[in-house]
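Take a look at the structure set out below.
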Amino acid sequence: MRQTLICTVGISLFFPNLNGLPQPEGFAAWLAHQPAADHAHLTPAIIAALRDAYQQQDWVALALALGQLPPTLRLAGAEINSIADLLASGDCAPNARLIFCHSDTEQGRAIATLLGDYYNLRGHQTESHAIADLQDADPKRFRTGGLRNLVKTISQVLRNYGPETCAINATGGYKAQIAIAVLLGQALKVPVYYKHERFSEIIAFPPMPISLDFDLWLNHSSWLRTLDSPQGMLPATALANTWEEALEPLVERTVIDGVDYVTLSATGQIFHEAFKGRQPDTAALPAVVPARQKRSPQLSDHDWGNARSAILRYMQQVTDRCPYVTGCRSHRWNPDLPSVNQFRLKGDAIEGIYSNGSWTVKFWVETTSQTLSQRQDCLLDLCDRFVE
């Protein structure tokens, strides 16, 4: 029994349901198109109350009028119908907290206000979150911003309340919005429910039979963190020297002033959210290296130009600030290639990549780690310390 229910929200309650309510002279014809089981509850008086409150945009009055109807009536809309099923089945606690994720539109905000009033009157705590760029006027904003922001908002709610206490009701909203909510819930192992208007009951999506690739995330978490930041964009050339084909579904590409940039796609945001909370097991980090046994940074024989002091300083910081690091030594230099700063696993070694935006150096980070698990914890710790 889940204590928090996260609901995607559409506008079907307004269009066509409430927007299609008849005037008195059209009541009989309208009623004939409603489910037969609902007829006894749909009196001319309640329809007039609903129609007037809706036309006046009096959401409290509309919530009170809707409260006179059973929540299972089709007229009550997808969100109320599906929540009623989840409460009746015991999948959610009777007093469950309800979180409404709605489009960044006037109608989306109005529906969320109405639902909040409706459920507050029934003793539920509610929250409403407008999802930036989740709108249908600009398809590109919807895809590159809206769906990603939906993922980020739901993920933050899950972190706030704990995924083990939450469920996702992916019934309302745009079809793509529903699909993303389903994928996110399955990736984070949170129950996801859906009800079509013709279903007699709500259904739970079966668990996803595959797992996401933690090693892929770990090796690229440095720049994934950057794309997850408010800036959220990197030149594609900055990722060129560590790119692999498996990463392509995680990004959107766009050209600005002739430069190819990448941002996280909605799928990439889900992938990153699945692992972003991972922290190194500090108790399992490898043995501490006494200061007298740490080695000074080693640079290979190149003409490092003005980069020498910056590189030595960075490698010295890595050595000094990480108790398990014995030393750092360079192994590749490119004076003309920019890159993102990152750390990754290469075989049994940890590689650091450092760039000032015009040149890049790659170096080995030598540690006291003995196992893959220890190297993974070292990598997480290095990223926490040195990647913004």
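Taking only protein heavy atoms into account and a 1.4 Å probe, give the accessible area per residue of the stretch 83-142 in Å².
I get 44 Å² per residue for the stretch 83-142.
Mind putting a number on the dipole of the stretch 277-360 about its Cα centre? Charges go on the C-beta only, +1 for Lys and Arg and -1 for Asp and Glu, and I need it in Debye to the nearest 20.
The calculation lands at about 220 debye.
Rounded, prolate or oblate: which fits the stretch 54-195 when a ≥ b ≥ c are the square roots of the eigenvalues of the alpha-carbon gyration tensor, with rounded for a/c under 1.5 and prolate only if a/b beats b/c?
Cα axes put the stretch 54-195 in the oblate bin.
Treating only the Cβ of Lys, Arg, Asp and Glu as charged (+1, +1, -1, -1), what charge dipole size does the chain show about its Cα centre? Round to the nearest 20 debye.
On the way: 33 positive and 39 negative charges, 193 e Å.
Dipole of the chain, to the nearest 20 debye: 920 debye.
In whole Hz, what ³J(HN,Hα) sequence does the stretch 192-206 give by Karplus (6.51, -1.76, 1.60; θ = phi - 60°), x for Gly and Pro?
Result, ordered by residue: 10, 10, 8, 9, 7, 4, 9, 6, 6, 8, 7, 10, 9, 6, x Hz.
Classify the stretch 159-309 from the C-alpha gyration tensor, please: rounded if a/c falls under 1.5, else prolate or oblate depending on whether a/b exceeds b/c.
It is oblate, given that a/c is not under 1.5 and a/b is not larger than b/c.
Between the stretch 297-351 and the stretch 38-104, how far is it from one alpha carbon centroid to the other, in angstrom?
Distance between centres, Cα-based: 61 Å.
Using 19 Å as the cut-off for backbone N distance, which residues of the stretch 320-337 belong to the label zone defined by a point 7 Å from the Cα of residue 310 along Cα→Cβ?
329-337
Which translational diffusion coefficient, to the nearest whole µm²/s, is obtained for the stretch 328-388 from the Stokes-Einstein equation, given a Kirkwood hydrodynamic radius over C-alpha pairs, 37 °C and 0.692 mPa s?
Estimated via Stokes-Einstein, D reaches 274 µm²/s.
If you look at just the Cα atoms of the stretch 142-184, how large are its Rg and its Dmax in Å?
According to the Cα coordinates of the stretch 142-184, Rg and Dmax are 10.4, 30 Å.
In the stretch 119-270, if the dipole is taken from +1 on Lys/Arg beta carbons and -1 on Asp/Glu beta carbons about the Cα centre, which of 176, 123, 263 is farthest to the positive end?
Of the options given, the answer is 123.
Tell me the Rg and the Dmax, in Å, that the Cα atoms of the stretch 294-375 produce.
My reading of the Cα-based Rg and Dmax gives 12.5, 38 Å.
May I ask you to order 316-324, 4-12, 294-302, 107-115 by the average number of other C-beta atoms within 10 Å around their residues, highest value first?
4-12, 107-115, 316-324, 294-302
So for 346, 152, what's the accessible-area order with a 1.4 Å probe, most first? Don't skip to the end; give the middle numbers.
Details: 346 90, 152 60 Å².
Result, largest first: 346, 152.
Ignoring ligands, DNA and RNA, what percent of the 1.4 Å accessible area of the chain is carbon and sulfur?
For the chain, the apolar C and S fraction of the accessible surface comes to 51 percent.
Just add up the charged neighbours of residue 144: K/R +1, D/E -1, any other residue whose Cβ is under 12 Å from the Cβ of residue 144.
Net of charged neighbours comes to +2.
Using mean Cβ contacts within 10 Å as the protection proxy, how do 69-75, 284-290 order, highest first?
Ranking, from highest mean packing down: 69-75, 284-290.
Given H placed 1.01 Å from N in the peptide plane, which residues other than close sequence neighbours of residue 332 have an amide H under 5 Å from its amide H?
362
Which of the three applies to the chain, rounded, prolate or oblate, going by the alpha-carbon gyration tensor with a ≥ b ≥ c and a/c under 1.5 meaning rounded?
Prolate is the answer for the chain, as a/c is 1.5 or above and a/b outweighs b/c.
Within straight cross-link reach of residue 140, meaning Cα distance under 23 Å, which lysines are found once same-chain residues fewer than 8 apart are removed?
In chain and number order, the partners are 152, 175.
Lys and Arg at +1, Asp and Glu at -1: add these up for the other residues within a Cβ distance under 15 Å of residue 168 and post the number.
Details: positive: 2, 97, 152, 159, 189, 195; negative: 79, 85, 91, 127, 164, 273.
Taking every other residue near residue 168 into account, the sum is 0.
With the chain treated as a Gaussian network of Cα nodes joined by springs under 10 Å, which of 131, 83, 256 yields the largest mean-square fluctuation?
Largest GNM mean-square fluctuation: 256.
With every protein chain left in place, what is the accessible area of residue 233 in Å² (1.4 Å probe, nearest 10)?
70
Charges on Cβ only, +1 for Lys and Arg, -1 for Asp and Glu, centred on the Cα centroid of the chain; of 232, 188, 297, which one is farthest towards the dipole's positive end?
297
Along the charge dipole of the stretch 122-274, Cβ charges K/R +1 and D/E -1, which of 216, 146, 200 sits furthest on the positive end?
Checking the options against the dipole of the stretch 122-274, the answer is 200.
Near residue 188, within a Cβ-to-Cβ distance under 14 Å, what is the net charge of the other residues, with Lys and Arg +1 and Asp and Glu -1?
Local net charge: +4.
Between residue 130 and residue 321, what FRET efficiency follows from the Cβ-Cβ distance if R0 is 41 Å, with the result rounded to 0.05?
The value I calculate is 0.50.
Could the peptides 218-224, 117-123 be put in order, highest first, of the mean number of other beta-carbon atoms found within 10 Å of their residues?
The most tightly packed comes first, giving 218-224, 117-123.
Over the heavy atoms of residue 243, what accessible area does a 1.4 Å probe trace out, to the nearest 10 Å²?
Probe radius 1.4 Å; accessible area of residue 243 about 70 Å².
Mind listing which GluC sites (Glu not before Pro) in the stretch 236-312 are in a DSSP loop and have 13 or fewer other Cβ atoms within 10 Å?
Filter output for the stretch 236-312: 244.
Taking the chain as a Gaussian network, where each spring joins two C-alpha atoms under 10 Å apart, which residue of 191, 24, 338 fluctuates the most?
24
With charges only on Cβ, +1 for K and R and -1 for D and E, what is the dipole size of the stretch 55-204 about its Cα centre, in debye, rounded to 20?
420
The values are calculated or read from the model by the stated rules, or taken from the named source; none is laboratory data. Being a predicted model, the structure only gives us computed values, none of them experimental. Neighbour counts run over all protein chains shown; Cβ positions are idealised from the backbone, glycine included. The area values use the complete protein model at the heavy-atom level, side chains included, leaving out ligands, DNA and RNA. Shrake-Rupley method; radii C 1.70, N 1.55, O 1.52, S 1.80 Å.
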